[in-house]
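Please read the structure below before turning to the comments.
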Amino acid sequence: MRLKRKDLLGIEELSREELELILSTAASFKEVSEREIKKVPTLRGKTVINLFYEPSTRTRTSFEIAAKRMSADAVNISVSTSSVVKGETLRDTARNLEAMRPDCIVVRHASSGTPHMLAGYVGCSVVNAGDGSHEHPSQALLDMLTVKERKGTLEGLKIAIIGDIAHSRVARSNIYGFTKMGSSVTVAGPPTMLPIGMEKLGCKVTSNVEEAISGADVVMMLRIQMERQSESFFPTVREYSRFYGLDERKLRKAKEDVIILHPGPINRGVEISSEVADGRYSLILDQVTNGVAVRMAIFYLLLGAAKEEQA
Amino acid sequence: MNRLVIKGGRVVDPAQNLDGFYNIYVMGGRVASIKKAEADTSEVGEGVDVVDASGLLVVPGFIDAHVHLREPGYEYKEDIETGSKAAAAGGFTGVMCMANTRPVNDNESVTKFILKRAEGQPVKVYPVGAVTQGQKGEKLTEMGELRAAGCVAVSDDGVPVVDPGLMRRALEYSNSFNMPVITHAEDKCLVGQGSMNEGFVATRLGLKGIPNAAEDTMVARDISLAELTGCRLHVAHVSTRGAVELIRAAKARGVKVTAEATPHHLALTDEAVAGYSTNAKMNPPLRAREDVEALRAGLKDGTIDCIATDHAPHASIEKDVEFDKAANGIIGLETAFSVLYGLVEEGALTLTEVVRAMSNGPARAFKLEGGRLSVGTPADIAIFDLEKKWIVEPGKLKSKSKNSPWLGKELKGVCVKTIKGGAIVHSRG
């Protein structure tokens, strides 16, 4: 089996079958990370370029480790400026990288749509590691894998996603992913952070956090960017924390066996209280572990499996 | 003295309610007579050039009230020569060029430079002067001198005049020199970091939105000021249903307001942005279906006086970049009529409505000569083959820049000849 597509740009365009294939492949790769020698030769001779236009520790490291555990060569490029500031078109950047014959470019960019533009310029695979406020498909896949491990299924689950929905690529990818897998998703946050037409993505929308959490199987908290305060999306961090942050009291509205996810890095005491972040419901570190497995699966299904089938 | 006859074409001249088969006789650069083709038995004399227009559409040369020719200062995007050639290739015989050049056209020396460079070009170039010095929104330009040098209107297009008090003075002052103020109606605070229309498409694509209110509130303000002062206001590139309603109501009250819409706002919705096409990025942004419908209705009932392209050439370095970093605007001169003819074929607009808004509409709004084919007017004429299809390809475009959302698309309606002052300035087989 493999993905019949060149790139992984978003969850929106994936079918349920494709999601299931990635999740089951990821589950089978988890064991590699538990071995004494954490490496399989599957992608030997493949080159992966991690092209990160935004600072990222967790995601970049996770993609790098995933590539290395599959025996691919991983090269990290951190770029602090956009193509405009550099005075080079994206097309030129893409063609220069492609001239070095990579098999895959993993790209993270603050501008929505940049991986899609790159994918149009190059013949190799492009994996979206987060584009602006658009999508973050590998994050959604690792979230789904984490929930599936704990709950056994994603069918019929009630998922609450809380926080800055407007600027969240994690929210969009998870809305697509969980709804395709049969969960129902409710998003909640301050009205200033709930963009027009969000419900057309297939989720319920409310500005009442407790309503969203009520009866939830999964509560996913989003990181709040402190600079949004100066943009008047909310008046103060203190007020945000009180009405939109997650604490033990709000969490009591959820199901008994609720689990808490957070894409990290967390602002303790802002969108999530420390007791919740460190509490028994929190699967935040499982998410990080699963991130490697999901990214190994992505590389395998885009770069590796095709060759095996031909052989 | 040149003599020319354009024979047997279907002449559509909304200013005279003409739609039929006529022969147009041109002498000394002006229309000498128009005769019904079937009844015309006159012999073509010696030395008279004949253009056989049978099977073709003959219309008044179009006037574009809103183009960016980029010279002086941004010649890597376009210059007056390439922009003029692009205009002629689209059937235009006159263009009004915006002041946001480098330096800004805010004094007579820049105006004179533009007009000097426009000499001998295939279209008439009507410069638009800036409202404020350097387009900074602080001090009025010397509008009397701009007018004397050849400007036909004033505008800080690209940036709004933020200070309402200054806008009031601009209306009052420019009016005494018989120039309307063209408003780029946009509240930058409401626009924020927006890079496309606010709505579901923006939400789905994760792009920040620009609400209709950013345009509506400024149109409402400027109409109030035009009403207060009794002076002429022209609203550039109307894109929202709210603005259409405001302008319609203002006209009904007798406010001296005119308005334009672009071919792209009449033809496309924000769905065109899907796929992050930077050639669908412009300001104001492509809007929702309801807005497009309102613009078309506004064009039909006369609320929208003109179709103007807002021809905005940009180079690859400004367009082949991240969507939210890409420059706003698209080229439009060479595709305008074909795109609009597509709407005619769909039944959304009539040919008369399109031709009126591209000829007589702008001529009346800015009191320019032409825009009609009556006897004695300049022989500015465009001839189209409505049956002929063409594919928009970079190599075919006269404009230096190729930033068009119609690249690679097939359009119907080719400008086969453009005639300015009785001389053929563009010809395509």
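Those helices (runs of 4 or more DSSP H) of the stretch A:227-311 in which 2 or more residues are farther than 17 Å from A:GLY189 by Cα and among the aliphatic types (A, V, I, L, M) occupy A:274-277, A:284-299, A:305-310.
In the stretch B:160-169, the qualifying residues are those that are touching a helix residue (DSSP H, G or I) at 6+ places or on another chain (Cβ under 8 Å) and not in a loop (DSSP other than H, G, I, E, B), and the one that is surrounded by the most Cβ atoms within 10 Å (Cβ to Cβ) is B:MET167. Scanning the stretch B:325-365 for residues that are part of a loop (DSSP other than H, G, I, E, B) and touching an Asp or Glu at 6+ places or on another chain (Cβ under 6 Å) yields a count of 1.
Residues that are of a type in the set (D, E, K, R) and either in the same structural domain as B:GLY329 (by TED's automatic domain parsing) or touching a Cys at 6+ places or on another chain (Cβ under 7 Å) (or both) within the stretch B:381-429 comprise just one, B:ARG428.
Within the stretch A:144-161, can one find any residue that is part of a helix (DSSP H, G or I), under 23 Å from A:GLY245 (Cα atoms), within 14 Å of chain B (Cβ to nearest Cβ) and at pLDDT 95 or above? There is no residue in the stretch A:144-161 that is part of a helix (DSSP H, G or I), under 23 Å from A:GLY245 (Cα atoms), within 14 Å of chain B (Cβ to nearest Cβ) and at pLDDT 95 or above.
Within the stretch B:252-303, work out how many residues are in contact (Cβ under 8 Å) with a residue 24 or more places away in the chain and assigned to a helix (DSSP H, G or I). Within the stretch B:252-303, residues that are in contact (Cβ under 8 Å) with a residue 24 or more places away in the chain and assigned to a helix (DSSP H, G or I) number 23. Determine if the stretch A:25-33 includes at least one residue that is over 16 Å from the mean Cα position of the chain (by Cα), assigned to a strand (DSSP E or B) and surrounded by fewer than 17 Cβ atoms within 10 Å (Cβ to Cβ). No, the stretch A:25-33 contains no residue that is over 16 Å from the mean Cα position of the chain (by Cα), assigned to a strand (DSSP E or B) and surrounded by fewer than 17 Cβ atoms within 10 Å (Cβ to Cβ). Looking only at the stretch A:127-136, residues that are within 13 Å of chain B (Cβ to nearest Cβ) and more than 17 Å from B:THR203 (Cα to Cα) come to 1 in all.
The residue that is surrounded by the most Cβ atoms within 10 Å (Cβ to Cβ), counting only those in the stretch B:143-159 that are touching a strand residue (DSSP E or B) at 6+ places or on another chain (Cβ under 8 Å) and β-branched (Val, Ile, Thr), is B:VAL154. When we screen B:ALA336, B:ALA252, B:ALA315 for residues that are closer than 18 Å to B:SER239 by Cβ, at pLDDT 95 or above and among the hydrophobic types (A, V, I, L, M, F, W, C), the only hit is B:ALA336. The single condition among (1) buried (at least 22 other Cβ atoms within 10 Å of the Cβ); (2) assigned to a loop (DSSP other than H, G, I, E, B) that A:THR42 does not satisfy is (1). One residue alone among B:VAL51, B:VAL44 is in contact with a strand residue (DSSP E or B) (Cβ under 8 Å, 6 or more places away or on another chain), over 18 Å from B:SER427 (Cα atoms) and of a type in the set (A, V, I, L, M, F, W, C), and that residue is B:VAL44.
All of (1) more than 16 Å from the chain's Cα centre (by Cα); (2) more than 11 Å from chain B (Cβ to nearest Cβ) hold for A:LEU90 with one exception: (2). Of all the criteria given as (1) surrounded by 14 or more Cβ atoms within 10 Å (Cβ to Cβ); (2) within 14 Å of another protein chain (Cβ to nearest Cβ); (3) closer than 25 Å to B:ASP324 by Cα, the one not satisfied by A:PRO190 is (2).
Summed over the stretch A:108-126, residues that are farther than 18 Å from A:PRO263 by Cα and either part of a strand (DSSP E or B) or within 9 Å of another protein chain (Cβ to nearest Cβ) (or both) total 10.
Just to be sure, is B:GLU215 assigned to a helix (DSSP H, G or I), within 28 Å of B:GLU322 (Cα to Cα) and more than 11 Å from every other protein chain (Cβ to nearest Cβ)? For B:GLU215, the condition - assigned to a helix (DSSP H, G or I), within 28 Å of B:GLU322 (Cα to Cα) and more than 11 Å from every other protein chain (Cβ to nearest Cβ) - is met. If the condition is being surrounded by 19 or more Cβ atoms within 10 Å (Cβ to Cβ) and either of a type in the set (Val, Ile, Thr) or within 14 Å of chain B (Cβ to nearest Cβ) (or both), then the stretch A:207-253 contributes A:VAL209, A:ILE213, A:VAL218, A:VAL219, A:LEU222, A:ILE224, A:PHE233. Exactly one residue out of A:ALA166, A:ALA140, A:ALA171 is within 10 Å of chain B (Cβ to nearest Cβ), under 20 Å from A:GLU271 (Cα atoms) and part of a helix (DSSP H, G or I): that is A:ALA171. Residues in the stretch B:316-344 that are β-branched (Val, Ile, Thr) and under 27 Å from B:PHE62 (Cα atoms) were compared, and the one that is farthest from the other protein chains (Cβ to nearest Cβ) is B:VAL344.
Here the stretch B:172-204 is the region considered, the condition is being over 20 Å from A:ARG169 (Cβ atoms) and assigned to a loop (DSSP other than H, G, I, E, B), and the residue that is nearest to the other protein chains (Cβ to nearest Cβ) is B:ASP187. Considering the stretch A:94-107, and only residues there that are within 14 Å of another protein chain (Cβ to nearest Cβ) and not charged (D, E, K, R), the residue that is farthest from the chain's Cα centre (by Cα) turns out to be A:ASN96. Give the stretch A:121-163 a look and list any residue that's in contact (Cβ under 8 Å) with a residue 12 or more places away in the chain and on the phi > 0 side of the Ramachandran plot, or say none. Of everything in the stretch A:121-163, those that are in contact (Cβ under 8 Å) with a residue 12 or more places away in the chain and on the phi > 0 side of the Ramachandran plot turn out to be A:GLY130, A:GLY132, A:GLY156, A:GLY163.
A:GLU275 satisfies every condition listed in (1) charged (D, E, K, R); (2) over 27 Å from A:ASN290 (Cβ atoms); (3) modelled with pLDDT under 95 except (2). Among the residues of the stretch A:1-24, those that are touching a Leu at 6+ places or on another chain (Cβ under 9 Å), of a type in the set (A, V, I, L, M, F, W, C) and crowded, with 18+ Cβ neighbours inside 10 Å comprise A:LEU3, A:LEU8, A:ILE11, A:LEU14, A:LEU19, A:LEU21, A:ILE22, A:LEU23. Here's a check for you: in the stretch B:255-293, which residue that is of a type in the set (S, T, N, Q) and in contact with a Lys or Arg (Cβ under 8 Å, 6 or more places away or on another chain) is nearest to B:ILE63 (Cα to Cα)? Across the stretch B:255-293, the extreme among qualifying residues is B:THR258. Exactly one residue among B:THR262, B:THR229, B:THR240, B:THR278 is surrounded by 24 or more Cβ atoms within 10 Å (Cβ to Cβ) and over 25 Å from B:SER399 (Cβ atoms), and that residue is B:THR240. For the stretch A:209-256, a residue qualifies if it is among the aromatic types (Phe, Trp, Tyr) and touching a residue at least 60 places away in the same chain (Cβ under 8 Å), and the qualifying residues are A:PHE233, A:TYR244.
Per-residue answers, yes or no, for (1) of a type outside the set (Ser, Thr, Tyr); (2) within 30 Å of B:LYS396 (Cα to Cα):
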site: B:MET96; (1), (2): yes, yes
site: B:GLN133; (1), (2): yes, no
site: B:LYS139; (1), (2): yes, no
site: B:ASP163; (1), (2): yes, no
site: B:TYR173; (1), (2): no, no
site: B:VAL181; (1), (2): yes, no
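The values are calculated or read from the model by the stated rules, or taken from the named source; none is laboratory data. What you see is a predicted model, and the numbers here were worked out from it, not measured in a lab. All Cβ positions, even for glycine, are placed from backbone atoms using ideal geometry, and neighbour counts span all protein chains on display.
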